[in-house]
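Below: the structure, in structure tokens.
Rule-based calculations on the coordinates, nothing more; no lab input. Quick caveat, the model's predicted, so the values are computed rather than measured. With ideal geometry, Cβ positions are generated from the backbone for all residues, glycine too; neighbour counts draw on all protein chains shown.
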Amino acid sequence: MMITCYIVDDETYAIDILEKYITGVPWLQLIGKSQNPLLALDTIKKEQPAITFLDVDMPQISGIEYADLIAAATSIVFTTAFPSYALNAFDKNARDFLLKPFTFSRFLQAVEKFKKSEPAPQPPADPKPPKDYAFIKSGNKSKMVRIPFSDINYVAGASNYITFYLKGEEHLTHMTMKEAADLLKDHSFFRIHKSYIVNIDKIKVIENGSVILTDKSILPIGNTYKEALFEKISPGDHH
């Protein structure tokens, strides 16, 4: 896990030391630095570095006050030559307090502590499997019918109407072919003609530019869909 860092310090040599330390740790990435905290404000809020190394004693604004402006966007490690600031620093929920001049090993201790406190990245949740049915308005618009996708033999379109052909039943609904294709795209369906979408699992035979389904329906294959259909059912074997 790469941990992003930003440095805000009004002294160049202090920035140089921190930059050298950060680049010496493989899992740290320096994404920005600034001697002017006011100029850095927007960048920190936008980029949201995991850690901001923040000098306490700066002419424009105290690091203690500045911490309130950026605390929502980043975790803070204060750096200062004045140990008297330590109590105030921890009042701001700082992750650590580095007293200048600090060694590389002390720096490493601070970032290791941060690393251990970070929650391990969670694997993305499994996406929900697509629904295996849809409710459509059938004929009479006040009636909704549940259609399991696996029961559909084919879909025929005419104008802005679609007919779903299932075993022993059919349902006419107001829908375009594109809408029907979108509804069925995550399942075993393929458009074989400008007017037909078939359930590939119901295809029994393909011959003479037509498909014959298990319910004995015979549907034409449009020329523009032919090659894609063969590629779908038998990738690489249709030549």
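All conditions in (1) part of a loop (DSSP other than H, G, I, E, B); (2) surrounded by 15 or more Cβ atoms within 10 Å (Cβ to Cβ); (3) among the small types (Gly, Ala, Ser) hold for ALA72, with the sole exception of (2). Is it true that some residue in the stretch 230-238 is among the polar types (S, T, N, Q), within 22 Å of SER150 (Cβ to Cβ) and out of contact with any strand residue (DSSP E or B) (no Cβ under 6 Å at 6 or more places or on another chain)? Yes. Of the residues making up the stretch 41-70, those that are touching a residue at least 24 places away in the same chain (Cβ under 8 Å), farther than 22 Å from LYS115 by Cβ and over 28 Å from the mean Cα position of the chain (by Cα) number 12. I need the full set of residues from the stretch 146-165 which are over 33 Å from the mean Cα position of the chain (by Cα), assigned to a strand (DSSP E or B) and over 16 Å from ILE203 (Cβ atoms), in order please. Listed by number, the residues that qualify are GLY157, ALA158, TYR161, ILE162, THR163, PHE164. Applying a threshold of 7 Å to beta carbon distances and a minimum spacing of six or more residues, or different chains, the list of pairs starting in the stretch 3-28 at a residue that is surrounded by fewer than 16 Cβ atoms within 10 Å (Cβ to Cβ) and ending at one that is among the hydrophobic types (A, V, I, L, M, F, W, C) and in a loop (DSSP other than H, G, I, E, B) reads TRP27/MET1; TRP27/MET2. Tallying residues that are more than 14 Å from VAL77 (Cβ to Cβ), out of contact with any Leu (no Cβ under 7 Å at 6 or more places or on another chain) and not in a strand (DSSP E or B) within the stretch 16-60 yields 20.
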